[in-house]
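K.L.:
Next up is a structure, given as structure tokens.
The values are calculated or read from the model by the stated rules, or taken from the named source; none is laboratory data. Computed from a predicted structure; not experimentally measured. Counting neighbours? That spans all protein chains shown, and the Cβs are built from the backbone with ideal geometry, glycine included.
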Amino acid sequence: MILYLDTSALVKLYVKKLGSQAVRALLERARVVSEKAHLYVTPQGIDALVTRARHTEITSFFITNTPTALPEGVLRAADNLFIFRLPLEEDIKWVAKSGMIEESSLVGLVRALLHYYACLTRRDK
């Protein structure tokens, strides 16, 4: 199940409110997908979500055209990165902070990507 939650629903995880049990029950079965989360959640909120999600076995997906808007902690915690064309070298260098691949290698790979192709990097466990 993929569950889309707004910020007010996420608050119910940390503060006991009407609907807290329902939100918790849904999250136990969900993967969290955040499209352009940096537009509506603070960097501290994103970091908190990533940190707490890893302890509760929630899988998080962050989808953005502006990777520099995501906190560095998201990149360091990521297990997989799907990287499509990034025209700005600044964005490529930011994604390299994940530590999954050397920066110069990532710059070369991403620059060579054709339209509609992606580069997948995966963290070894």
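K.L.:
Here's a check for you: in the stretch 55-67, which residue that is surrounded by fewer than 16 Cβ atoms within 10 Å (Cβ to Cβ) and out of contact with any strand residue (DSSP E or B) (no Cβ under 7 Å at 6 or more places or on another chain) is modelled with the highest pLDDT?
P.N.:
Ranking the qualifying residues of the stretch 55-67, first place goes to THR66.
K.L.:
May I pose another question? Does THR51 satisfy being in the same structural domain as GLU28 (by TED's automatic domain parsing), at pLDDT 85 or above and outside any loop (DSSP other than H, G, I, E, B)?
P.N.:
It is false that THR51 is in the same structural domain as GLU28 (by TED's automatic domain parsing), at pLDDT 85 or above and outside any loop (DSSP other than H, G, I, E, B).
K.L.:
Can you pull out every residue in the stretch 103-125 that is of a type in the set (A, V, I, L, M, F, W, C) and part of a loop (DSSP other than H, G, I, E, B)?
P.N.:
Result: LEU113, LEU114, ALA118.
K.L.:
Working only within the stretch 88-105, note down all residues that are touching a strand residue (DSSP E or B) at 6+ places or on another chain (Cβ under 7 Å) and within 13 Å of ARG123 (Cα to Cα).
P.N.:
Of everything in the stretch 88-105, those that are touching a strand residue (DSSP E or B) at 6+ places or on another chain (Cβ under 7 Å) and within 13 Å of ARG123 (Cα to Cα) turn out to be SER98, MET100, ILE101.
K.L.:
If only one of GLU72, GLU103 is at pLDDT 90 or above and out of contact with any Gly (no Cβ under 7 Å at 6 or more places or on another chain), which one is it?
P.N.:
Working: GLU72 fails: at pLDDT 90 or above.
Matching residue, one of GLU72, GLU103: GLU103.
K.L.:
Please state which one of ALA77, ALA96 is free of Cβ contacts under 8 Å to residues at least 12 places away in the same chain, surrounded by 13 or more Cβ atoms within 10 Å (Cβ to Cβ) and within 23 Å of ALA37 (Cβ to Cβ). I'd like the intermediate steps shown before the answer.
P.N.:
Working: ALA77 fails: free of Cβ contacts under 8 Å to residues at least 12 places away in the same chain.
Going through ALA77, ALA96 in turn, the sole match is ALA96.
K.L.:
Exactly one of (1) outside any loop (DSSP other than H, G, I, E, B); (2) surrounded by 12 or more Cβ atoms within 10 Å (Cβ to Cβ) is unmet by GLU90. Its number?
P.N.:
(2)
K.L.:
When only residues in the stretch 30-48 that are surrounded by 15 or more Cβ atoms within 10 Å (Cβ to Cβ), assigned to a helix (DSSP H, G or I) and not small (Gly, Ala, Ser) count, which is modelled with the lowest pLDDT?
P.N.:
Per the criteria, the residue is HIS38.
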